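What follows is calculated from the coordinates using simple rules that are stated; it is not laboratory data. Please read these numbers as outputs of a predicted model, since none were measured by experiment. Glycine gets a Cβ as well: all are built from the backbone with ideal geometry, and neighbour counts include every protein chain shown.
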Amino acid sequence: MRAGDFLVVTRLDRLARSTIRAECQLEGIEKAKACGVVFGRKRRLSEQAVRELKWKRKAGVKIADLMAEFGLSKTSTYRYLASDLENAA
């Protein structure tokens with residue numbers, strides 16, 4: 001819509017439905033997080049594997065070799081190297 005355009009609503013419930021649905025969804029997500037529910041995909045590497053990855057990188061192993069060994073993409077490899085999953089970094 002642009003300035004000066006008119007919105008004609010023939011049924012008021014249609015206008016508010018998506019807003020109400022979004023609010024309910026956010027409330028549900030907040031409740032789930034408060035109960036300890038973790039959202040998103042499971043991590044591919046364990047904390048021990050992340051420590052090993054970081055140790056090998058500090059030892060000078062190339063990113064391409066780490067990618068092949070751990071089965072990660074370049075982006076994931078760098079993400080794990082920058083992560084605070086453990087304090088051995």
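What pairs come up if the first residue lies in region 34-49 and is in contact (Cβ under 8 Å) with a residue 12 or more places away in the chain and in a loop (DSSP other than H, G, I, E, B), the second is surrounded by 10 or more Cβ atoms within 10 Å (Cβ to Cβ) and aliphatic (A, V, I, L, M), and their beta carbons are under 9 Å apart, counting only those six or more places apart or on different chains?
Qualifying pairs under 9 Å: Arg43/Val50; Arg43/Leu85; Arg44/Leu72; Leu45/Leu53; Leu45/Leu72; Leu45/Leu85.
Tell me whether region 58-65 contains one or more residues that are of a type in the set (Gly, Ala, Ser) and not in a helix (DSSP H, G or I). If you could, list the steps in order and put the result at the bottom.
If we filter region 58-65 for residues that are of a type in the set (Gly, Ala, Ser), which is where we start, we get 59-60, 64.
After this cut, where a residue has to be not in a helix (DSSP H, G or I) as well, the list is 59-60.
The answer is yes; a qualifying residue exists.
Which residue is surrounded by the fewest Cβ atoms within 10 Å (Cβ to Cβ), if the candidates are limited to region 1-60 and must be closer than 20 Å to Ser73 by Cβ and aliphatic (A, V, I, L, M)?
Of everything passing the filter in region 1-60, Ala49 is surrounded by the fewest Cβ atoms within 10 Å (Cβ to Cβ).
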